[in-house]
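What follows is a single structure, written as structure tokens, with notes after it.
Read-outs: derived from the displayed coordinates by stated rules, not from any lab. Only a predicted model underlies this, so the values are computations on that prediction, with no experimental measurement involved. Cβ sites come from the backbone with ideal geometry, for glycine too, and all protein chains shown count toward neighbours.
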Number of protein chains: 2
Amino acid sequence: MKKTLEELKALGTQCRGDILKMTYVANSGHPGGSMSSIDILLSLYSFANVFPEDPWNEDRDRIVVSHGHISPGVYSTLAAYGFVNREEVISGFRHPASIFEGHITRGIPGVEWTTGNLGQGLSAGVGFALAAKYKKKDYHVYVVMSDGESAKGQVQEARRTAKKYHLDNLTVIVDYNDIQISGHARDIMYVDIKAEFEAAGWKTIEINGHNYEQILSALRIARNDGYPTAIIAHTIIGKGVSFMEDKPDYHGKALSKDELDKALNELGIENDVEKYIAMRKTLEVKPHEKVKLYYKVDVNLGAPRVYDKSTDNRSALGRAIADLAIANDNVVAVDCDLKGSVKLDFLDKERPDRIVEIGVQEHNAAALAGAMSADGIVTFFADFGVFGVDETFNQHRLNAINNTNLKVVVTHCGIDVGEDGKTHHALNYIGAPLAWYGFKVIVPADPNQTDRVVRYIAKEYGNFVVAVGRSKLEPIRKEDGSLFFDENYVFEYGKMDILRDGTDGVIYATGSVIPNVLKAHEILKSKGINFAVINVSCPYDLDEEVLRKYSNFVVTVEDHNVLNGLGSLIAQEYFEMRMMPSKFIKLGLSEFPVSGDSKFLFEIYGLSGEKIAEKIMEKLCCK
Amino acid sequence: MKKTLEELKALGTQCRGDILKMTYVANSGHPGGSMSSIDILLSLYSFANVFPEDPWNEDRDRIVVSHGHISPGVYSTLAAYGFVNREEVISGFRHPASIFEGHITRGIPGVEWTTGNLGQGLSAGVGFALAAKYKKKDYHVYVVMSDGESAKGQVQEARRTAKKYHLDNLTVIVDYNDIQISGHARDIMYVDIKAEFEAAGWKTIEINGHNYEQILSALRIARNDGYPTAIIAHTIIGKGVSFMEDKPDYHGKALSKDELDKALNELGIENDVEKYIAMRKTLEVKPHEKVKLYYKVDVNLGAPRVYDKSTDNRSALGRAIADLAIANDNVVAVDCDLKGSVKLDFLDKERPDRIVEIGVQEHNAAALAGAMSADGIVTFFADFGVFGVDETFNQHRLNAINNTNLKVVVTHCGIDVGEDGKTHHALNYIGAPLAWYGFKVIVPADPNQTDRVVRYIAKEYGNFVVAVGRSKLEPIRKEDGSLFFDENYVFEYGKMDILRDGTDGVIYATGSVIPNVLKAHEILKSKGINFAVINVSCPYDLDEEVLRKYSNFVVTVEDHNVLNGLGSLIAQEYFEMRMMPSKFIKLGLSEFPVSGDSKFLFEIYGLSGEKIAEKIMEKLCCK
């Protein structure tokens, strides 16, 4: 696929025409940046080891285009090199029947990562480069990005990570056209891109981004210089069509008919858009089939650990991750300077090389963990709930869009955190991931269930959140004193655990409050009131049969925001099932809690055993 | 309050003792970093214009401590200078009855901003410094922060913003102790703090952070040098107690009894902790009263604009913001390089100085907007929904914790965005803010309601999200053709608008789908089926009376994630009201949508007028 300079030049003209045509046909899209990036893209896809006829070849170089709105540039390049069909691109661009969406989408041959939200692509590139190191593969990773998005803080986080991990297999090419939506980049924000790369320990090379010779030469140097290297390519937006050059107006707008005629004429290209417009009309209005990119997950799950005495769930979690990462070369954990707290220290003691330590850079950590997980590494992203869910909300939404295989394991959930207070009380570990279609949430009840859950998610391709608290918990026992989740227990996604039976009502509960709920059960029992206690570890997939069976007086208890958690999901499920329990109480947090010992906090916010029992008895008396 | 060097030295010893005592009494907290920061804090509170007897004096310097876990250091300093009572601090630290929470909390005299999630404080400082400029006040803003949190990308975003806006009224002091939770900062992540400040155009000064003379001298230089300046103060964690110095272990752990004796002995301080332990026992286990910090909102709302022809809600929004910002000196808008799209261009044309342009740096933008809004500026944070809600989820959670007065106005919500595709379809503008206690969400139905909503939120102290789509919409009309929201319309929070009456059922809808729902109403009517259509612009505060009246066959329609939006809230409300409509249909998005013209997308995802009517008729026939 190596092209001569002459061939590149010809393709540069052809692709510029294609960019203008497809945005005209779609009547939307981003021609300006596509034309400033196109010479970079053509040179890069020519230079890199990529295989149109075998696009997912494991040894291919990974190319991430971070400014995903230049999809016309990317699609026209992919068409020029035979990854995709050129007519389908031009006619189908941005049509719901086509895979050629407004922003580039993972799964299109030649596209490694869905981008569009700016400043996230370099983190993905770092993830792919780390995955290569873990897999002992020598492919190279390229990230093409824009100057405007270089303002995003996450970019600096990613740069430093590349330096720390000596990612000599990573090259960035910045399309520096000095234009962003609102005008000249230099006027929008003060960003010294070169100085910032250098402050992060990178090598930089400055070139003319429309000179193929310079681009290819820089790519050659960067590939072999032993450093992560940034090629800063000075370009002109709209390059190639005189009236579009250096004009912010053409950032995100298709040309008019007259403008198109004029532009194609200047490029020496025939205006054949009517053909594509006619083809577009034949496309059916329906969503295209989703591209699925899975890898076979091959993980030795080892023997489960059985906990017979008081243990925090996070230790069970950390211990199980260590077991898996020690037994399997393809299991890695990502940490954000909380090793000791999230209990990655078990792994750290035995195999520190299996922890990627990112420091206080959660956005970058979440995004690179997603990319690693999509590229063959079973990746655990361990963090406090407030960082691993709330702070990285959109990074996980983008991971979900990218169909990754990420295991988000968050500790310090709920007021069980205690004294660290409201900034650290994670209260949305059930509610927030509803935004990340496809993510499953599991809240294990005790250390034994935690152990089994961690092993379960390791072998299932897909995204999971596993949320645990902070405190030590007694393993849950049956009424005869034996372990509820014993050595024979196998975790089954979506199964509810009937911890105690009862006919006067039911308490559905999840997570750290289970011991309190069991206490409430005892208090009620001592007064002759028998409530079933049901552990709901999978709040997104409720068991209708159980809900139907236990449905007279329903109580939900959660160490979670009461507005968007278990209680809310159970209420909705009953409503959808057209069932109306005789009584309903929903207990959880409805404000930012204060700081304090978690036992005090459970008391204050009505989640202690006594308070739960009290609420139930009140409701029993007074209707 | 200016102290001599001798006095500072004595206070340094006293405060070190207090830090060790309060963490011992609470049996938790962060002594190590408190002791590395304490000499900086004491010097700063001595040097700055702050007033213990009048802590909220409008002309005070603002001091933000970004690494909020060093609360023992801050509280002991505040006690030393008479802002708070020393005995209450030592006995009450981290107790739920006390205001002295685990992380410093806005509203404690001398504390300007609640911090705890690292790397966010500098953005708040930038917000305060910008507020000073808008208010033409010459107070200075100080941000004390740690080296570990300097890795956070948002910090670099904030630095560049300070440079761009020439914030010579801003000084940072970095407590550079080279220790973070997991070990030495230099091993955790490659961060060249000095080089990065300089790459962002700051002046830097390096000093010994335990030398009062050097600290005071640097503060003097920084206040008057005409630049944003960073004082990089080299310190030692645990400084002052030999066995604690330079040990990561003491980052987040109280001393044992023996260690405390030894440490206090070394400091030459009497061990009187028993007294405080006894005091602590008398504290009642209840949440303390919330500190309320409001300012009087004085805004001239001007005359509403009436739209009689097709207009996009975002233009109505941008036009109303421009009206307000032009008529009022205390109204400012924050933009993230989307002026033209979020329609701040109306304001930009007439008063560009009233727009703070942050570029592609959403985290910083959201946080600084929150701080500005808390400090006397009615602040509109304008962005696309995916950035202004999803990407900045945690920044707004922290704004909510800080009880700000922020107006988050997001455009491009829903699949109404169309061709930009799934990365740009904001689907959680109702669901996500449920995590930000106190935030109210308003989804206006047409340009007229949008205009009135923007004026309404400007005058109400508090946090709001106003979410609108992208497309042009016909103003909603009554059946007689007159405007539904006419010149006499006054927006009332929590009121539902009965757009059409009907007795066969009801469609509750919100936002961009209203025209489709009105079309469905017409289709059904043409078949003799009469459905009421109700606009729910305030999905968090539903009107029970209306719900009760229209409750036979209930349909909800939203251009939003169906798992966490209007349908989910309405289902829960009926369930809590113990009402079970005869039929229920919930329409919305249940997967990441594809790219395409929004009319096509509404069709594909069942939200067009025809599809809605079809679904209702199906359900009517077949039970």
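Please list, in chain and number order, the residues 5+ apart from B:E357 or on another chain whose amide H is under 5 Å from its amide H, with Hs placed from the backbone.
Excluding prolines and chain starts, which carry no amide H, the hits are B:D335.
Quick one: if you stick a label point 7 Å off each Cα along the C-beta vector at A:D187 and B:K309, how many nm between them?
Result: 3.1 nm between the two label points.
Taking each residue of B:283-292 in turn, how many C-beta atoms of other protein chains fall within 10 Å of its C-beta, and what is the average?
3
So what's the back-of-envelope 222 nm ellipticity for chain A, counting only DSSP H runs of four-plus at -39500 (n - 2.57) apiece and dividing by all residues, rounded to 500?
Value at 222 nm, helices only, nearest 500: -11500 deg cm²/dmol.
Count charges around B:V144 for me, please; just the other residues with Cβ under 12 Å from its Cβ, Lys/Arg as +1, Asp/Glu as -1.
Summing Lys and Arg as +1 and Asp and Glu as -1 gives -4.
For a label point 7 Å from the Cα of A:D272 along Cα→C-beta, name the residues of region A:7-25 whose backbone N is under 18 Å from it.
A:10-25
What are the nm distances, shortest first, from A:S526 to its equivalents in the other copies, labels at 7 Å along Cα→Cβ?
Copy-to-copy label distances at A:S526, shortest first: 6.9 nm.
Please work out which residue of chain A brings its Cβ closest to the axis of the rotation superposing A onto B, and round that distance to whole Å.
Its Cβ sits closest to the axis: A:G153, 1.
Here are some pairs, B:K472/B:K519; A:K239/B:K599; A:K290/B:K619; which of them have Cα atoms lying more than 26 Å apart in this structure?
A:K239/B:K599; A:K290/B:K619
How large is the charge dipole for chain B, taken about the Cα centre, if only the Cβ atoms of Lys, Arg (+1) and Asp, Glu (-1) carry charge, to the nearest 20 debye?
It comes to approximately 760 debye.
Taking a label point 7 Å from Cα toward Cβ, how far is B:E6 from its twins in the other copies, in nm, shortest first?
8.9
With +1 on each Lys and Arg Cβ and -1 on each Asp and Glu Cβ, and nothing else charged, work out how big the dipole of the protein assembly as shown is about its Cα centre, in Debye to the nearest 20.
That gives the protein assembly as shown a dipole magnitude of about 1360 debye.
In what order do A:L42, B:L427 fall by count of nearby beta-carbon atoms within 10 Å, going from fewest to most?
In order of increasing Cβ crowding within 10 Å: A:L42, B:L427.
Filter the trypsin sites (Lys or Arg not before Pro) in region A:172-217 to those in DSSP coil with at most 12 other Cβ atoms within 10 Å of their Cβ, and list the result.
none
Normalised radius of gyration for region A:252-310, please: alpha carbon Rg relative to 2.2 N^0.38 Å, two decimal places.
Normalised Rg, Cα atoms only: 2.66.
May I ask for the angle, rounded to the nearest 10°, between helix A:31-47 and the longest principal axis of chain A, with both axes built from Cα atoms and the value confined to 0 to 90°?
90 degrees
Return the Rg/Rh value of the protein assembly as shown, two decimal places, where both radii are evaluated on C-alpha atoms and Rh is the Kirkwood radius.
0.95
What FRET efficiency do you get for A:D246 and B:R220 if R0 is 35 Å and r is their Cβ-Cβ distance, rounded to the nearest 0.05?
0.15
From the square roots a ≥ b ≥ c of the eigenvalues of the alpha-carbon gyration tensor of region A:311-473, which class results: rounded (a/c under 1.5), prolate (a/b over b/c), or oblate?
Judged from the Cα gyration tensor, region A:311-473 comes out rounded (a/c under 1.5).
Give the angle, between 0 and 90 degrees and rounded to the nearest 10, that separates the Cα long axis of helix B:566-576 from the longest principal axis of the Cα atoms of chain B.
Long axis of B:566-576 versus the principal axis of chain B: about 90 degrees.
Please tell me which of these pairs span more than 30 angstrom C-alpha to C-alpha: A:K152/B:K440; A:K9/B:K349; A:K21/B:K611; B:K194/B:K422?
The answer is A:K9/B:K349; A:K21/B:K611; B:K194/B:K422.
If Lys and Arg each add +1 and Asp and Glu each add -1, what is the summed charge of the other residues whose beta carbon sits under 13 Å from the beta carbon of A:F485?
Summing Lys and Arg as +1 and Asp and Glu as -1 gives -2.
For chain B, what is the convex hull volume of the alpha-carbon atoms per residue, in Å³?
159 Å³
Which parts of region B:7-25 would a label at B:D261 reach, counting a residue when its backbone N lies under 17 Å from a point 7 Å out along Cα-to-Cβ?
B:21, B:24-25
Helix A:153-164 against the longest principal axis of chain A: what's the angle in degrees, Cα atoms only, rounded to the nearest 10?
The answer is roughly 90 degrees.
So if I average 1/r over every pair of distinct C-alpha atoms in region A:5-281 and take the inverse, what Kirkwood radius in Å does that give?
Across region A:5-281, the inverse of the average 1/r is 18.5 Å.
Checking the a/c ratio against 1.5 first, then a/b against b/c, what shape does the Cα gyration tensor give for region A:497-621?
Judged from the Cα gyration tensor, region A:497-621 comes out oblate (a/c at least 1.5, b/c at or above a/b).
Order by neighbour count: B:I415, B:I221, B:I237, fewest other Cβ atoms within 10 Å first, most last.
Least to most surrounded, the residues fall as B:I221, B:I237, B:I415.
Based on the Cβ-Cβ distance of A:E7 and A:Y461, what FRET efficiency does E = 1/(1 + (r/R0)^6) give at R0 = 51 Å, to the nearest 0.05?
Between A:E7 and A:Y461 the formula returns 0.80.
List the longest stretch of chain A that has no exposed loop site; here a site is one of the GluC sites (Glu not before Pro) assigned by DSSP to anything other than H, G, I, E or B, with at most 12 other Cβ within 10 Å.
A:59-269
Could you list B:H95, B:H184 in order of exposure, starting from the residue whose Cβ has the fewest other Cβ atoms within 10 Å?
B:H184, B:H95
How compact and how long is region B:1-156, expressed as Rg and Dmax of its alpha-carbon atoms in Å?
Here Rg and the maximum Cα pair distance are 14.8, 45 Å.
At 7 angstrom along the Cα-to-beta-carbon line, where would the label on A:V297 sit relative to the other copies? Give the distances in nm, shortest first.
4.7
Please state the shape class of region B:507-563: rounded when a/c is under 1.5, otherwise prolate if a/b exceeds b/c and oblate if not, all from the C-alpha gyration tensor.
Note, shape of region B:507-563 comes out oblate.
Give me the net charge of A:R455's neighbourhood, meaning all other residues with Cβ under 12 Å from the Cβ of A:R455; Lys, Arg count +1, Asp, Glu -1.
Once all neighbours under 12 Å are counted, the net charge is +2.
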